[in-house]
1. Run down 367, 328, 287, 352 and say which single residue is out of contact with any His (no Cβ under 7 Å at 6 or more places or on another chain) and outside the structural domain of residue 125 (by TED's automatic domain parsing).
2. Just to be sure I understand the filter: pairs with C-beta atoms under 7 Å, separated by 6 or more residues or on different chains, first member in the range 483-502 and more than 24 Å from residue 429 (Cβ to Cβ), second member among the aliphatic types (A, V, I, L, M). Which pairs pass?
3. Is it true that some residue in the range 356-367 is more than 20 Å from residue 204 (Cβ to Cβ), out of contact with any Pro (no Cβ under 9 Å at 6 or more places or on another chain) and among the basic types (Lys, Arg)?
4. For the range 3-26, does any single residue satisfy the condition of being within 21 Å of residue 122 (Cα to Cα) and surrounded by fewer than 21 Cβ atoms within 10 Å (Cβ to Cβ)?
5. Which condition does residue 237 not pass, out of (1) among the β-branched types (Val, Ile, Thr); (2) crowded, with 18+ Cβ neighbours inside 10 Å; (3) in a strand (DSSP E or B), if it passes all the others?
6. Which one of these does residue 412 not meet: (1) assigned to a helix (DSSP H, G or I); (2) crowded, with 18+ Cβ neighbours inside 10 Å?
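The values are calculated or read from the model by the stated rules, or taken from the named source; none is laboratory data. Values in this document were obtained by computation on a predicted structure and should not be read as measured data. Cβ placement follows ideal geometry from the backbone for every residue including glycine, while neighbour counts extend to all protein chains displayed.
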Amino acid sequence: MDAGKLVNTPDSILNELLELRTKVYAEGLQTFRGWYPGIRRLSFIPSALNLSFYLALRRRDLRELQRELKPLGLSSLGLSEAGAIANLDAVIASLACIVGRQAETGIRRPDPERFYKGEWSLDRQTKLVLGPKPPGRKVRIMVTLSNQCATDYSLVRQLLASGMNVARINCAHDEQAIWAAMVGNVRQAERDLGTPCEVIMELAGPKIRIDAVLSAGESNEVVSENLILLTNNVSLINRFSQIGENVVAAISCNWPEALACLQVGDSVHIDDGKITSVVEAILPEGLLLKVLATAKLKPVKLKVGKGLHLHCSQLKLPPVTEKDRQDLDFIVTVADAVGFSYVRKADDIAVLQEELFQRMDNNSVWLPIVAKIETADAINNLAEIIVRAASRSPFALMIARGDLAMEVGYERLAELQEEILWISEAAHVPVIWATQVLESLVKFGTPSRAEISDAAMSERAECVMLNKGPFIVEAVVLLENVLSRMDAHQQKKSPRLRALTIAGSGELSLPGGQRPQVEGSN
């Protein structure tokens, strides 16, 4: 919109705002009434109501209205997530004062308690799931524990002393005895340091993995244009050489029934996207996959245990597996929260909640749930997933950016992670920013420049997750430093105007007490 097109008067803008509020309130209330019968946690009622209002508000394109509000010195509604109606009322009341129509509108400016109620609610929900706020920053640091943490107490203590606030145990790996040792070391470090640390144990879920590989050569490697037979019957795996000369390998998977949903043209990502393929044909022996690309344009080895990501909207797998049920028996006795993988719809949450309900000694106390958002279905059903989960138990979301990128495309990932953050804030639900945070530092000891920017951006979430690696302690130290600095500059989407320390406003301090060198100085 050009500046020359700003022709609406303050009176007409006020009329537009009043009409907007009326419609948002009516639509939001209608949505909330559909949710209300299922809400069991009274503390979630205001959050669900705000979410319904926010969704009604954001169904509209507000960009022209935002631009019209700015010259009047009013909020442009860009920070309305935590309190949609309160923000609208604040703008309407202020504009009514400007044009002298306070009595006519009947809308009063919200007091600070009402205006910041949503922000405070988010803080409380974050504490319930992710533990107390650490000193010097609001954002928690989560670390995925390696099995070394089961036997190396000093490593766990170092992690906690360096800034870890949440320990994540991935139940897709190791076994209960190792998990118990990990938890024991975390609890011991808590006592020794006097520092709290939440333990989140994440269910493995129905992860589709390669369970057998057979290839024409010894290397099991594939390159672009190769064909792979993906069969749902391991007994047919040796037939791949009979299909065609370019069929270089055959693989089977641990969930063969999942293959039924795939059609010609559907994508199949192998090994976290290191191999990108497409279904070329459907044969009696299985699916013929054509390799479109490999990581770094180099041969990639097919390995047992590596994941298969099927791009299929009709994929039907049980949300909770038999292994998950066995693991839950242990998790409810030692963990502070349970992680839930491959969520697709609200009914999946209901299945887990029923499993938890059967295992809790005190049915009035619910173990918090952390749902990983990693599928397109979960994106489409996000509001219903949030409402179903948070209506009964403390709840948080994890943005699993790796799987989500394969599901929706890399070009959409940045946009979608922003929208997940906004919608979650509207529901007063904490978010965990995950996948490849400071990965180069964790694995190789040196971060990339882009990773530092990503770590700084993660400050808009309530928690940031680091994966395991040989330099994990160094990564925690650096992330703690970045988050503590950014805490003074950013609060969710809102910039905080701390005094500048550069550009003539102060002297830049460098690591190790260095001073910036000026050309020509001695």
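1. The match here is 287.
2. Note: pairs meeting the criteria are 498/488; 501/508; 502/508.
3. So in the range 356-367, the residues more than 20 Å from residue 204 (Cβ to Cβ) come out as 357, 360-366.
Remaining after also requiring out of contact with any Pro (no Cβ under 9 Å at 6 or more places or on another chain): 357, 360-365.
Then drop every residue that is not among the basic types (Lys, Arg), which leaves none.
No, the range 356-367 has no match at all.
4. Scanning the range 3-26 turns up no residue that is within 21 Å of residue 122 (Cα to Cα) and surrounded by fewer than 21 Cβ atoms within 10 Å (Cβ to Cβ).
5. It is condition (3) that residue 237 fails.
6. The number of the failed condition is (2).
Yes/no matrix, rows are residues, columns are (1) crowded, with 23+ Cβ neighbours inside 10 Å; (2) not β-branched (Val, Ile, Thr):
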site	(1), (2)
343	yes, no
348	yes, yes
353	no, yes
359	no, yes
370	yes, no
397	yes, yes
400	no, yes
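Residue-wise test of (1) among the charged types (D, E, K, R); (2) within 18 Å of the chain's Cα centre (by Cα).
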| residue | (1), (2) |
| --- | --- |
| 106 | no, no |
| 109 | yes, no |
| 119 | yes, no |
| 139 | no, yes |
| 199 | no, yes |
